[in-house]
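Participant: The structure follows.
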Amino acid sequence: MTDVERRNTKTSVRLGLLVTAVAGLTLGTGCPDPGTSSDGGVNRDLTGTVTDMSTTTDGGTTVQPLGCSKDGWCWQFPAPQGNGLLATWGSSGQDVWAVGGAGTIVHFDGSKWSIVRSPTNNTLYAIWGSSAKNVFAVGDRGTVLRWDGSVWTQLPLGTDGKDVAQLYGVWGADGNDVWFVGNHLTAGPALLRWNGSTISRVLAPATIKFGLRGIWGAGKNSIYTAGESGTLLRWDGTSWTSFGPTMSASWAAISGISDNNFFVATRTGLIYRWNGTSLVLAPTNPSTVSGINGLWSDGTSVFAVGDIRYPTAGDPTKREGMFLKWDGTNFNRITNSPKVHLSGVWGTSGSDVFVVGVAGTTGRYDGANFTTSSVLEDLTGNNGTMYGLSAAVNGTSLAVGDSGGTLRGMSGTWLPSPGSISLRLYSVTAYGNDLLSVGYDFTSSKGQALRWSGTAWSPEGLPTSTRLLKIATDGTNAYAVGDDKTFLVRSGGKWNMISVPILQAPTLRDVYAIDSKNIWIVGGGDKTEQLAGFAPRVLVYDGTSVLDVPLPVTDRIVRGVWGADANNVWVVGDGGLGSGGLLLRWNGGSKTWTDLNPAANPIISQGLRAIWGRSATDIYAVGNSGLVLHYDGTSWNYEQSGTDNNLVSVSGSASEVFITGTGGSILRKSLR
């Protein structure tokens with residue numbers, strides 16, 4: 001799933017306001033409910049919002065630095081931040097804005113991009129302005145923001161906007177006549193209009209039942225909007241009317257040159273041209289492109305941006321970025337375009353075009369060449385997930401991920417050490433003065449165990465070719481797990497296969513060593529995440545044999561495990577493919593599990609991917625859509641992470657904790 005698809009398929013988390021006692025434990029109210037917030041937004045916190053303040057003991061407030069959330073999670077990589085950017089607009093080449101996930105707002109001043117404080121945590125989908133001092137951005141939960149040249153503020157929608165769900169488009173004839181489009185909670189169209197002081201609702205034709213995705217105008221009384229299920233509407237200065245053919249296409253973007261010459265694009269990669277009387281398919285070169293996410297025209301040139309394309313299936317080295325230019329007959333791909341998912345496009349002219357996309361990517365096209373901030377092209381390729389991180393060994397931390405991606409962290413700076421693009425590294429751990437990693441090589445179709453030389457990875461011999469997903473150590477031996485119930489132990493520099501005496505052969509997804517007699521292993525599902533025939537598992541290796549620990553659930557995949565000691569072990573997971581959170585605690589004294597998120601009355605709707613702690617009273621769990629939970633010995637509380645990227649690992653030391661995820665994400669929190 002691409003970032004663009006993910007932004008359209010969010011699920012809500014319901015935590016804080018539900019104070020639920022389960023076996024003496026409480027999911028506490030230490031943080032606001034992420035489904036509701038004082039600004040009307042989702043509390044997946046924006047990096048450095050003005051509401052990011054913690055009360056101090058003297059009754060004052062502490063504002064976190066830009067790039068840090070309210071709860072102290074700070075972007076380490078990418079810099080300055082790694083939330084997906086979905087749209088861009090500027091008043092000039094020295095005044096360009098971009099907006100995106102978790103309410104992110106960044107600004108380009110002609111030399112560098114910087115984070116700007118935002119009054120919302122909601123994802124922002126579109127931005128437009130009439131001048132440098134009158135800019136509007138719109139997003140989730142009917143969010144409308146306005147920049148007045150000094151600060152971003154949220155505009156109230158009033159009763160006319162109470163049922164608005166998402167706003168996906170904004171365009172204006174001037175600063176006092178601005179339109180916002182999207183959909184209502186009932187999925188019908190939302191059409192709102194700013195008159196310079198208030199926002200009011202304008203009715204769509206009664207026959208239109210679908211949401212709107214984009215808006216563009218040729219003039220004050222000649223405005224067009226496009227949306228779901230082929231919806232096309234025209235404003236003539238008095239009312240909105242439907243036009244064009246009946247189509248099933250869901251439009252993703254609209255822009256153009258004149259009433260008789262504008263374009264609409266679909267998420268499946270089709271671009272159509274309206275010639276004044278009919279829609280005509282605009283040819284593309286290459287003939288097959290990925291989803292189109294954005295269109296822009298300066299009145300002469302027309303550009304389109306979208307998701308990367310794979311001309312050769314399964315070969316990420318051949319991927320192509322989607323930045324297309326209209327030549328009057330075809331949309332032609334610019335061959336040196338950034339090889340990452342792009343979502344937004346705007347320019348000062350056809351030879352000065354800005355693009356934005358996944359993982360905080362920004363780029364600029366001068367008519368011939370690109371300059372780009374993308375960390376994904378050289379680091380990790382298509383979606384840039386960083387799967388694991390090991391805190392400092394000899395002053396160096398390592399993070400590992402897709403397409404051979406390895407990041408070396410030294411004194412707060414993360415530098416890429418690219419490896420083989422066919423290699424995916426899933427996990428890394430400190431092993432004395434060494435660092436070990438496991439993964440899978442897609443070219444050789446073999447699992448990999450590797451040792452860090454200080455500058456590169458060296459493969460180690462293995463008794464299996466199975467994909468390996470996690471690695472851990474007890475200080476003496478190392479342990480690795482993977483597909484088909486694979487469990488390996490590294491002793492004396494050699495990897496050995498250990499028998500797992502269960503009938504099924506599920507994927508084993510995590511391993512944690514409390515000590516040499518308590519190696520906990522979890523898993524479930526097969527390599528394609530299917531649960532049928534591959535029940536969830538918790539196993540314990542005592543140094544001699546593997547024992548099965550029965551679970552109280554049968555329809556989950558267990559993805560993470562951590563234990564303070566043999567009597568206090570936590571596991572997390574989901575319902576397969578990221579759905580439905582699993583949170584269980586093992587009591588070794590009574591040999592029982594406590595289910596903190598029972599399926600009959602779930603509190604956490606998102607999947608949990610990993611868990612780690614400093615002690616029995618200081619534990620972190622992370623999951624999809626930026627979910628971070630913290631356990632203080634009494635209750636689990638939601639923490640604002642500063643991202644809506646999926647988070648897949650958490651690890652740390654006595655003084656710091658790191659989380660990693662999609663888009664190359666690395667965030668850090670200092671611990672007291």
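Participant: Nothing charged except the Cβ atoms of Lys and Arg (+1) and of Asp and Glu (-1): what's the magnitude of the dipole of the chain about its Cα centre? Round to the nearest 20 debye.
Facilitator: That gives a dipole near 540 debye.
Participant: Given points 7 Å out from each Cα along the Cα-Cβ axis, report the S349 to A599 separation in nanometres with one decimal.
Facilitator: 6.3
Participant: Where a Cα-Cα gap under 29 Å defines reach, which lysines qualify for K209, not counting those fewer than 8 residues away within the same chain?
Facilitator: Within reach: K10, K162, K220.
Participant: Report, in whole Å, the centroid distance computed from the Cα atoms of region 537-593 and region 185-250.
Facilitator: Each part's Cα centre sits 51 Å from the other's.
Participant: Per residue of region 494-505, what does 6.51 cos²θ - 1.76 cosθ + 1.60 with θ = phi - 60° give for ³J(HN,Hα)? Whole Hz please, x for Gly and Pro, Karplus curve as stated.
Facilitator: 10, 8, 10, 7, 10, 5, 10, x, 10, 5, 6, 10
Participant: How many angstrom lie between the C-alpha centres of region 613-672 and region 432-454?
Facilitator: 25
Participant: So how compact is region 528-629: Cα radius of gyration and Dmax in angstrom?
Facilitator: Cα-based Rg and Dmax for region 528-629 come out at 13.4, 40 Å.
Participant: Whole number in Å², please: accessible area per residue of region 194-279, 1.4 Å probe, ligands, DNA and RNA not counted.
Facilitator: Per-residue accessible area for region 194-279 comes out at 42 Å².
Participant: With all protein chains present, how much of the accessible area of the chain (probe radius 1.4 Å) comes from carbon and sulfur, to the nearest whole percent?
Facilitator: 49
Participant: To the nearest 0.05, how large is the calculated FRET efficiency for R672 and S278 if R₀ is 56 Å and r is the Cβ-Cβ distance?
Facilitator: Calculated value: 0.25.
Participant: May I ask you to evaluate 6.51 cos²θ - 1.76 cosθ + 1.60, the Karplus curve with θ = phi - 60°, for each residue of region 100-106 and list the ³J(HN,Hα) values in order in whole Hz, giving x for glycine and proline?
Facilitator: So the Karplus estimates, Gly and Pro as x, are x, x, 6, x, 4, 10, 10 Hz.
Participant: Label region 202-259 by shape, choosing from rounded, prolate and oblate, from the square roots a ≥ b ≥ c of the eigenvalues of the Cα gyration tensor; if a/c is under 1.5 it is rounded, and otherwise prolate applies when a/b is larger than b/c, oblate when it is not.
Facilitator: Oblate.
Participant: Tell me which lysines have Cα within less than 23 Å of K446's Cα, excluding those fewer than 8 residues away on the same chain?
Facilitator: Those lysines meeting the cut-off are K318, K470, K485, K494, K527.
Participant: Tell me, Kirkwood radius of region 572-623 from alpha-carbon pair distances, in Å?
Facilitator: Over region 572-623, the inverse of the mean reciprocal pair distance is 11.7 Å.
Participant: Using helices alone, what [θ] at 222 nm do you get for the chain, with -39,500 (n - 2.57) per DSSP H run of 4 or more residues, divided over all residues and rounded to the nearest 500?
Facilitator: 0 deg cm²/dmol
Participant: Further, regarding this structure: Taking volume of the Cα convex hull per residue in Å³ straight from the coordinates, which label in [x] 271; [y] 198; [z] 155 is the correct one?
Facilitator: Correct label, based on the coordinates given: [z].
The values are calculated or read from the model by the stated rules, or taken from the named source; none is laboratory data. Predicted model only: the values in this text are computed from it and were never measured. For neighbour counting, all protein chains shown are included, and Cβ atoms are generated from backbone atoms with ideal geometry for every residue, glycine included. Protein only, heavy atoms only, side chains kept; ligands, DNA and RNA dropped before computing areas. Shrake-Rupley method; radii C 1.70, N 1.55, O 1.52, S 1.80 Å.
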